[in-house]
Amino acid sequence: MRTIATMNQLKRRLHEIVFEADTKYGRLFDIVLLIIIILSVVCVLLESVDAIRADFRHILYISEWVFTILFTIEYILRVTLIGKPIKYVFSFYGMVDLLAILPSYLVIFFSGAQSLIIIRSLRLLRIFRIFKLVQFLGEAQQLMLALKTSLYKVSVFLITVLISVCIMGTLMYSVEASNPSFSSIPKSIYWAIVTITTVGYGDMVPITPLGQFISGILMIMGYGVIAVPTGIVSVELAQAKKEDINTRNCSECSSEGHAYDAVHCKYCGAKL
């Protein structure tokens, strides 16, 4: 009985360290993990440079496997320390954690010159490690709430922009009838999108005075296209109230964002 109690206490202690950041060691674990993630992403970026890869191939290879082993240990801990491991495995962070280590192991099972392209593309999936950084953004929940609240307004605005570029593209198709660049309505709509977003590739240029006048109007509208959704999200972000929550993580479903005085998980009902 004492052995079982000791194991359960050790499991709870490890769960606090791995999943939460309110404790001293939990915060230290997150900081160390953050540093490892950054270093691993830097190695992936450096490996894509031919000159660096040629001179430091062995160092990068060893570093890659060190990072892979460390991430594997972290993934195993997260799966074993939670009450419902299947829910974590198929969660967003669970899939990201798996994608962070899976390509390195898949490379072992591929060999031969014909598979080199496949291996290289698999190794590019290691960039998914950078998404693990999202776990360390303290204001992420507030930002997501603002985006969710402003989704309807932004959607209505984007639909309005889409209708506008269709109308302007069709109008330019009629005005620039003698211009081979505007040979169809879809191409004219493409030009309108490029213009209103202030990208301006310059591959399609109006030649008639009226077409140039319409282009000027569309360019000025482009500033509004940039400013309006930014303003909508900014207002929602400013109005979003930050709830009194902490980083406590449910030991059963791994959900977080509970109030300080919460006794049970608001998602699965398990005792915190």
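Throughout, read-outs are computed from the coordinates displayed, never taken from laboratory work. Here the structure is a predicted model, which means the values were calculated and not measured. Reconstructed Cβ throughout: ideal geometry from the backbone, glycine too, with neighbour counts over all protein chains shown.
Remark: for residue pairs Lys24/Lys271; Lys132/Lys153; Lys11/Lys148; Lys87/Lys266; Lys87/Lys271; Lys87/Lys153, the C-alpha separation exceeds 27 Å in Lys132/Lys153; Lys11/Lys148; Lys87/Lys153.
As a proxy for reagent exposure, ranking Ile185, Ile196, Ile167 by other Cβ atoms within 10 Å from fewest up yields Ile167, Ile185, Ile196.
Once the piece of chain linking Leu34 and Leu99 is laid out straight, how much longer is it, given 0.36 nm per residue of separation minus the C-alpha distance between them?
Between Leu34 and Leu99, full extension yields 21.7 nm more.
If the segment from Phe92 to Asp55 were pulled out straight at 0.36 nm per residue, it would be longer than the present Cα-Cα gap by 9.7 nm.
Net charge of the neighbourhood of Thr195, taken over other residues with C-beta under 14 Å away and scored Lys/Arg +1, Asp/Glu -1, is -1.
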